[in-house]
Amino acid sequence: MNKLKRALLLTILLASICTPRCLADDTWVVRVTAKELDNYLNFKGSRLLPVAKASVDYSETCGEDTKSGTYEDLYYGNKHAIGCRRYSPLDLTELTRGEIHVVSTSPSGLRESEAYAAANAVERVFLDLYARNCLTLHIIVPHNSFATLVNGFYQNGFTANNRVGCSEPRVSSPTITFVILSDPPGESQRVMF
């Protein structure tokens with residue numbers, strides 16, 4: 001019994017040392033704001049139209065501390081990545097979890113070029129978060145842009161994954177799975193690559 005108590009206390013002590021204090025909560029939010037740049041690179045014979053910019057910023061709350069920053073701007077021309085301007089590192093605490101929010105600048109929702117840019121930016125930032133050992137729980141999308149953004153994921157090579165009674169797809173190769181939720185709630189879609 002004495003050995004069992006010591007082992008239990010040692011386990012609790014190690015868990016408290018090795019676990020970040022923020023792990024119990026969703027600690028960060030990454031925002032992707034996509035906007036079509038009207039009349040940008042609009043010259044005779046341009047094959048880059050329409051041009052869209054996806055801006056990525058983040059905020060993290062850990063206990064009393066809050067930090068935020070602008071991560072990068074990604075540029076897309078005719079649904080192809082054409083540029084990136086990184087402002088700072090993605091300075092989020094490792095082993096934490098959070099959500100990626102897609103933000104629309106228009107009350108009518110995202111245009112097709114903006115949805116493609118936002119979907120591609122979400123994929124890229126997801127991989128950056130994964131490299132930092134940060135768990136992405138959901139992708140939150142404005143309700144009026146839900147179908148357009150899901151279509152943006154399909155254009156990037158994702159497929160629907162709505163298998164009933166199965167939490168993960170059965171595939172032989174590594175996959176990326178996103179759970180996309182609308183805000184306000186009402187629609188959800190699981191997509192995988």
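Within straight cross-link reach of K79, meaning Cα distance under 18 Å, which aspartates and glutamates are found once same-chain residues fewer than 8 apart are removed?
Within the straight-line cut-off, K79 pairs with E36, D38, E112, E114, E123.
First measure r as the distance between the Cβ atoms of R86 and N144, then evaluate 1/(1 + (r/R0)^6) with R0 = 25 Å and state the FRET efficiency to the nearest 0.05.
In this case the efficiency is close to 0.25.
Using a 10 Å cut-off around each Cβ, can you sort L127, L41 from fewest to most neighbouring Cβ atoms?
If I rank by nearby Cβ atoms, fewest first, I get L127, L41.
Please work out the Cα center distance from segment 29-43 to segment 106-122, rounded to the nearest Å.
9 Å
For the pair E99/L37, report the inter-label distance in nm, with labels modelled 7 Å from Cα in the Cβ direction.
That separation, rounded to one decimal, is 3.0 nm.
In nm, give the distance between the simple-model label positions of L135 and S68, each being 7 Å from the Cα along the Cα-to-Cβ direction.
2.6 nm
Readers should treat all values here as calculations from the given coordinates under stated rules, not as data from a laboratory. In this text the structure is predicted, and so the values were computed from the model without any measurement. All Cβ positions, glycine included, derive from the backbone under ideal geometry; neighbour counts span all protein chains shown.
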